[in-house]
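The values are calculated or read from the model by the stated rules, or taken from the named source; none is laboratory data. All values derive from a computational prediction rather than experimental measurement. Neighbour counts run over all protein chains shown; Cβ positions are idealised from the backbone, glycine included. With ligands, DNA and RNA removed, areas are computed over all heavy atoms of the protein, side chains included. Shrake-Rupley method; radii C 1.70, N 1.55, O 1.52, S 1.80 Å.
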Amino acid sequence: MASVRQMQVTFDCANPERVARFWCEVLGYVVPPPPEGFADWAEFDRSLPAERQGSAFACVDPTGVGPRLFFQRVPEGKVVKNRLHVDVRVGTGLVGEERVAALEAECARLIALGATRVELLRADGFNESCLVMQDVEGNEFCLD
């Protein structure tokens, strides 16, 4: 029998700390403590070679249930639609206009954090409504 393994979701981005802090706010995640011997992540970052400073950041679920999110700087910008995206579950168990209202309320909160609204996809008899958005660097995600 295969054992269950933890997983991490990694985002390629231009500004890892900015994107990580956005996702902390979206999901209620936190920045983990810095490595031993460092007062904070800024101090740790300054200890790295200049070319590595600001190149990565992470956040974790404070309950330990959700996956760790890791953000790494890459030289190229985003040019095409993500092949994998995050679904933020805010409408679970809700249907119809009650679900749409919950999606819209969360959308407004996330826009204030720097997200962009893309499109509301209304229920079609097979799928419930969801709202397509983009994070602070244009990565697609859905409010589901």
Worksheet, complete the sentence: Binned at 10 Å from zero, the C-alpha pair distances of region 104-144 give percents of 32, 52, 15, 1
Worksheet item: Using modelled amide H (1.01 Å from N, peptide plane; none on Pro or chain starts), what sits under 5 Å from the amide H of Val86, excluding residues fewer than 5 places away?
Response: Cys142
Worksheet item: At a probe size of 1.4 Å, how large is the accessible area of Ser129, to the nearest 10 Å²?
Response: 10 Å²
Response to the item:
For Gln6 and Ala101, extending 7 Å from Cα along the Cα-Cβ vector and measuring point to point gives, in nm, a value of 4.0 nm
Discussion item. From the convex hull of the Cα coordinates of region 12-144, what is the mean projected area in square nanometres?
Written reply: 9.5 nm²
Worksheet item: Just the accessible area for Val60, please: 1.4 Å probe, Å², rounded to the nearest 10?
Response: 40 Å²
Response to the item:
Here the net charge surrounding Val86, from other residues whose Cβ is less than 9 Å away from its Cβ (Lys, Arg +1; Asp, Glu -1), is -3
Worksheet item: Relative contact order for region 1-103 using alpha-carbon pairs under 8 Å, separation at least 6, rounded to a whole percent?
Response: 34 percent
Worksheet entry | Helix axis angle, 16-27 relative to the chain longest principal axis, alpha carbon, degrees | 40 degrees
Discussion item. With a 1.4 Å probe and all protein chains left in place, how much of the accessible area of the chain comes from carbon and sulfur atoms, in whole percent?
Written reply: 55 percent
Practice prompt. Enter the accessible area per residue of the chain (Å², integer; probe 1.4 Å; all protein chains in place).
Written response: 64 Å²
Worksheet item: Per-residue HN-Hα couplings for region 138-144, Karplus 6.51 cos²θ - 1.76 cosθ + 1.60 at θ = phi - 60°, whole Hz, x for Gly and Pro?
Response: x, 6, 6, 8, 10, 8, 10
Worksheet entry | Efficiency of FRET from Cβ geometry, Ala39 and Val118, R₀ 41 Å, rounded to 0.05 | 0.55
Worksheet item: Based on the Cβ-Cβ distance from Ala50 to Ile111, what FRET efficiency comes out when R0 is 35 Å, to the nearest 0.05?
Response: 0.50
Worksheet item: Nearest 0.05, what FRET efficiency do Arg18 and His85 give at R0 = 22 Å with Cβ-Cβ as r?
Response: 0.70
